[in-house]
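Notes follow the structure.
Read-outs throughout are calculated quantities, based only on the coordinates presented, and are distinct from any laboratory measurement. Computed from a predicted structure; not experimentally measured. Cβ coordinates were reconstructed from backbone atoms using ideal geometry, including for glycine residues, and neighbour counts include every protein chain displayed.
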4 protein chains.
Amino acid sequence: MSINKSFASDNWSGVCPEVMETLTRVNAGHNPAYGELEDPVTGAAIEKFKNIFGEQIAVFFVYNGTAANVLGVSQLMRSYHAVVSAATAHLNEDECAAPEKFMGSKILEIQTEDGKIRPAQVEPFFKSFGFQHHAQPKVISISQVTEMGTVYTAEEIRVLAAFAHANGLYLHVDGARIANAVVALNTGFKSLLTDTGVDVLSFGGTKNGLMFGETVVFLKKELSKDFEYLRKQGMQLHSKMRYIAAQFDRYLTDDLWKKNALTANGMARKLAAALQLFPQLKITQEVRANGVFVLMPVELISHLQKHYFFHVWNESPAGESRRKEVRLMCSWDTTEEDIRAFAGLVKQFAQ
Amino acid sequence: MSINKSFASDNWSGVCPEVMETLTRVNAGHNPAYGELEDPVTGAAIEKFKNIFGEQIAVFFVYNGTAANVLGVSQLMRSYHAVVSAATAHLNEDECAAPEKFMGSKILEIQTEDGKIRPAQVEPFFKSFGFQHHAQPKVISISQVTEMGTVYTAEEIRVLAAFAHANGLYLHVDGARIANAVVALNTGFKSLLTDTGVDVLSFGGTKNGLMFGETVVFLKKELSKDFEYLRKQGMQLHSKMRYIAAQFDRYLTDDLWKKNALTANGMARKLAAALQLFPQLKITQEVRANGVFVLMPVELISHLQKHYFFHVWNESPAGESRRKEVRLMCSWDTTEEDIRAFAGLVKQFAQ
Amino acid sequence: MSINKSFASDNWSGVCPEVMETLTRVNAGHNPAYGELEDPVTGAAIEKFKNIFGEQIAVFFVYNGTAANVLGVSQLMRSYHAVVSAATAHLNEDECAAPEKFMGSKILEIQTEDGKIRPAQVEPFFKSFGFQHHAQPKVISISQVTEMGTVYTAEEIRVLAAFAHANGLYLHVDGARIANAVVALNTGFKSLLTDTGVDVLSFGGTKNGLMFGETVVFLKKELSKDFEYLRKQGMQLHSKMRYIAAQFDRYLTDDLWKKNALTANGMARKLAAALQLFPQLKITQEVRANGVFVLMPVELISHLQKHYFFHVWNESPAGESRRKEVRLMCSWDTTEEDIRAFAGLVKQFAQ
Amino acid sequence: MSINKSFASDNWSGVCPEVMETLTRVNAGHNPAYGELEDPVTGAAIEKFKNIFGEQIAVFFVYNGTAANVLGVSQLMRSYHAVVSAATAHLNEDECAAPEKFMGSKILEIQTEDGKIRPAQVEPFFKSFGFQHHAQPKVISISQVTEMGTVYTAEEIRVLAAFAHANGLYLHVDGARIANAVVALNTGFKSLLTDTGVDVLSFGGTKNGLMFGETVVFLKKELSKDFEYLRKQGMQLHSKMRYIAAQFDRYLTDDLWKKNALTANGMARKLAAALQLFPQLKITQEVRANGVFVLMPVELISHLQKHYFFHVWNESPAGESRRKEVRLMCSWDTTEEDIRAFAGLVKQFAQ
């Protein structure tokens, strides 16, 4: 099995050449550790974020998305508060109880079809307000792009933020694939996130061409008070900070994020287009970003997985007896040739 | 102020060229994320550790030393257990209560002259055994090199390990500068750590030429059961694992760790030799590794800090009215020229 | 509104006279604190438990049911493990995230009709075994009596215990109303709990005539190692321990627990019998213990609540537009006169 | 060995008759659980506190002193904050790491001679302010009476409170024996605690004649926001709340607290007076409250402990080769006869 150009996940891909070049370039001489003492590399990267999201933000680099989500949300709450999220949210499903451990609190989950939550689904949890036996809802966390490949519109985010604020809650966005969402919506980071009223954003890059690092962006600086201590206590303060900062600086320069995300999203559309020609397959979610969710016969899955690794997302979809739902992810480095090769293998087997 | 070649800390230096070259080399095509699915890069790096420490170990990569210490120690205990360490230990002093938060427990601190602890200093805590009102001592954690630049001999470690085990405790070693210690003692990793009975080691590299990543080495594999979940819950599982693994693989190849540590330690000795010529200065700790601790007149400190950043370690040393104790760290990239320049500045001022 | 003899909850009732008399009696002279130093009062109470549950148990007194559940379950797991329970379980619903805070972990919830869970509902969570991104299921927690007033048979418990053990899990029972369950099943504590393979039991008494205190009963003593430290760390070690111990001693003497539970259960049956005469009302769950769940017109609820406090359990039951589901709890001190008075009020309004 | 009237601890004694009588009296009919729904018993007790401490307070009942301290302090801080206390403080020494577990944070300990801390001892920790690697001092916690039997004057508390507030910290008082302190100083609760600027008080009663329960008193109501959730999450919300509330109500009526404390303190003075007649003994701490600390020959200790249980407080006092320091506690029920009997035994042995 060749693992080159798998469709397993966008974190199977490597570091894009622009970022790799930057890491090499920034690797000269000494630089203050921990982003302290006015480290110029870290300072420059933070400026880039401010240029894009607005001056009133606060920016903190951490190691990964798990931490960005857990720390960003923890900052907004105390242990008797609760977070509301989709059941499918990474925060709820895939962090081995890191949120519960660090927040000391509870995630209230919402079952969804498409990974997106609406105010009406959150509202029932508000019955707990003022009842001392229940954790008090304090944060709504959404994933943009969702774990189902779907995308919230700016208006949907604006509505959720207003709803959260009207009820004394905050809105957090898990933006592990935020660049893919911005590209899908043909908008900008500020329009989609700052202007809609989001409070805290986990700004991801690793899935879109970076080596490591994630950014917690407080879109309202006043919410970030003392966050440096929470980051340190969360074991997320990197000593050689320049190597995270420089990646994000480059990522936000010359729209590198956009170039990478456009490729990934475009390849996903092409993959979907190629696959929907096969009557045995069915695309299950609208392809907005870089993921394609497909119902696929189990024999075909077995065949393809001899050559490609990818995840089965739903082992037993409703109403399906011989098909499973798989997830195929495209990346900044996926090529048309990769699509053709994969589709060719499907075709070969289907005949 | 030029920040090139400061003596602030060994994490102000950059990535050594061999490691940087490796990162570029490993950056090709796709690779399984999270070290899963028999990721060949991660597997090869683990093999390197086994070749060096012995086959019976278990190896886990995390992001940084804070996490390696906190998770490695947490694995050995439950929340009603306690860790015993020197008061000066990084674990106790410099982690913003990360250990207390994650372990849910207490560090019992020992005051020392030189950062090293002895069994007789640990023993008084054993009065708590069986007393339900007290946290139960379960782990002794030592730093090798210590935060005072001193180094435990293999025999001292052997004695501490035997003492720990005889009393139902484990011995953890914070090896943020373990290469410097091995070089200082002119020994090997296995002789110093595996063969002396250490249970868990935080194996550092970032202070000796790596970009990011630290390794938790369980020297007895059976102690590592389920540690993958603790790592994930500790927000320390990197998705693009190959970029940590490859660094350590290279670090352990062709004795790169030794080359870098030899340079850093050697430069520290040279720096100490240069400084002890000045009667106004006094070296306070034996220079065994890459740190030099010096009593220095306050005016000289002010003068030097216009050109170099370094840390004042003790603002008010006993018996000193006009001198403070500073810490000067050498790194894998410190040169004789750097030493001469620094000493020259001292001389210039002293005259 | 008279609050005497409400049907709000069995913890609105007072302390039964036998227990009150015991508290007065044990209040003489000095007694070792914390149950230490072979405190005879605590020792005698523990003996009573052993006589009833078997010699191989370990017994620890705590303050309340929240703590008995949280500590009993915590003892069986580490923070990366997960507990599986009914969504309606007190552990999941009504502890203000105390379990998440103390365990540092996650509760995996199961939606049920009747508050009871079956192996087939637990099994899907086992897909997480060995997947480092997911908390690992380790404990199944059931409530006996459930929060819906239903009762597991001994056979159902035996099946759950065997299922748990076959998959490397433990079975915990929240027995806040365990006496009511034993009486409902006309069995004994040992047959229902020890002999069926339960691992840990929260043995409640406050809802059945005690003043304060709950007991964590490890039905397999070896599971209780070090639990005294977890209890202390959980802030649940009472200094004047004799006042908890003596209550349980008396409770287990002359079948006082049975007398109280028989009354409470019997009154619930009588209340149900009285209420089912009214066509506007509908009993929704089989009345096995001391709770009666009833669909009731909203106007009638308003009327009754002028005289009695009781909880609306379901504000919007499926298929009901003008009725809500209420919970009526009987207690050790409920009388036939109380039933008549309540039913009389219903009748008065219904006419 | 008779355990009646030991001098082991004031929690070896029973419940004073006035409180026992109250418990019996309040045990009639139903009462709202959890102090909810305007429970009249709880409401009345809270009023008593307000009458004594001032109207601007907030009052919460919990089960014990461990919890009052841990929850009261937790309320004032986040996990990256630290508490400063005497090394001898119960919070630091005797809670099996409950504070670290629940606060997720660190206690910074101060070595003292007499259990009392002064601003100059706290100040060195403020070097950590703004340094992201260190937990940030946020609460000073003192014990009044201290664990060494000493008592802070009102002026000393005022100075500490002003010092704390001037530096952005809070002052918490562990008042497990607060009645004994008030009696020792011949003052009142309001003068000693409200008027001196204390922020939060753990108001104890169990050591002075109550059965169970402790009160967290926020002397500034605004500090108590959301504390009901923290209490519940801390597993400290009692269902049959009236039985805690009624005890405190009675305790604060007709100066019962004073009567009990006067007896305990007075007996301690008498005990000290009797013991200081023996040249082999030495009282080590000024006897201000109900504890007497005595240097005692080891043979005498052995002899006395055949008849009385009491704690050796210091196994190896400085400069003593054949004496240990023991702690003798008097209680609300200690009598002159008890003193005579104990002193008689000393005399018998001494001859």
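Numbers at a glance
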read-out: Fraction of beta bridges assigned by DSSP in the protein assembly as shown that are antiparallel (%, nearest 5); value: 50
read-out: Helix-only [θ]222 nm of chain B, DSSP H runs n ≥ 4, -39500 (n - 2.57) each, per residue, nearest 500; value: -10500 deg cm²/dmol
read-out: Average partner coverage of D:298-307, which counts Cβ from other chains inside 10 Å; value: 0
read-out: Mean-position separation - Cα centroids, the stretch B:5-60 and the stretch A:201-256, in angstrom; value: 22
read-out: Principal axis box of chain B, alpha-carbon based, largest edge first, Å; value: 62, 57, 33
read-out: Environment charge at residue A:297 (Cβ cut-off 10 Å; Lys +1, Arg +1, Asp -1, Glu -1); value: +1
read-out: Peptide-level mean, for C:207-219, of C-beta atoms on other protein chains within 10 Å; value: 2
read-out: Nearest-to-axis residue of chain A, judged by beta-carbon position, where the axis maps A onto B, in Å; value: A:63, 2
read-out: Kirkwood Rh and Cα Rg combined as Rg/Rh, the stretch B:255-302; value: 1.08
read-out: Restraint check, C:48/C:259; D:48/D:220; D:106/D:221; C:207/C:240; A:207/A:240; A:50/A:240, Cα-Cα greater than 19 Å; value: D:106/D:221; C:207/C:240; A:207/A:240; A:50/A:240
read-out: Fewest-first ranking of D:340, B:288, using other Cβ atoms within 10 Å as the exposure measure; value: D:340, B:288
read-out: Inter-copy label distances at residue B:336 (7 Å, Cα→Cβ; nm, one decimal); value: 6.0, 9.0, 10.8
read-out: Tensor-based shape of the stretch D:21-101 (alpha-carbon gyration tensor, a/c under 1.5 rounded, otherwise prolate or oblate); value: prolate
read-out: Formal net charge of residues neighbouring residue D:240 (Cβ-Cβ distance under 14 Å; K, R +1; D, E -1); value: -3
read-out: Straight-distance crosslink candidates among lysines, where the alpha carbon sits under 24 Å from residue A:324 and sequence neighbours closer than 8 are dropped; value: A:5, A:116, A:270, A:282, A:306, A:347, C:127
read-out: Burial ordering of D:283, B:140, fewest other beta-carbon atoms within 10 Å first; value: D:283, B:140
read-out: B:141, C:321 arranged by Cβ crowding within 10 Å, fewest neighbours leading; value: C:321, B:141
read-out: Copies compared at residue C:225 - label distances in nm, ascending, label defined 7 Å from Cα in the Cβ direction; value: 0.9, 4.6, 4.7
read-out: Equivalent ellipsoid, the stretch D:258-349 (semi-axes from 5 times Cα gyration tensor eigenvalues, Å); value: 21, 15, 11
read-out: Relative contact order computed over chain D (Cα-Cα under 8 Å; 6+ residues apart), in percent; value: 24
read-out: Pairwise centroid distance, computed over Cα atoms, of the stretch B:122-200 with the stretch C:279-319, Å; value: 64
read-out: Shielding by other protein chains, A:223-232, mean Cβ within 10 Å; value: 5
read-out: Label 7 Å beyond Cα on the Cβ vector: residue B:298 copy-to-copy distances, nm; value: 4.9, 7.6, 7.9
read-out: Dimensions in Å of the protein assembly as shown - Rg and Dmax from alpha carbons; value: 33.1, 109
read-out: Surrounding net charge for residue B:57, when Lys and Arg each add one and Asp and Glu each subtract one, Cβ distance under 13 Å; value: 0
read-out: Proportion of all alpha-carbon pairs of the stretch C:141-217 beyond 22 Å (%); value: 17
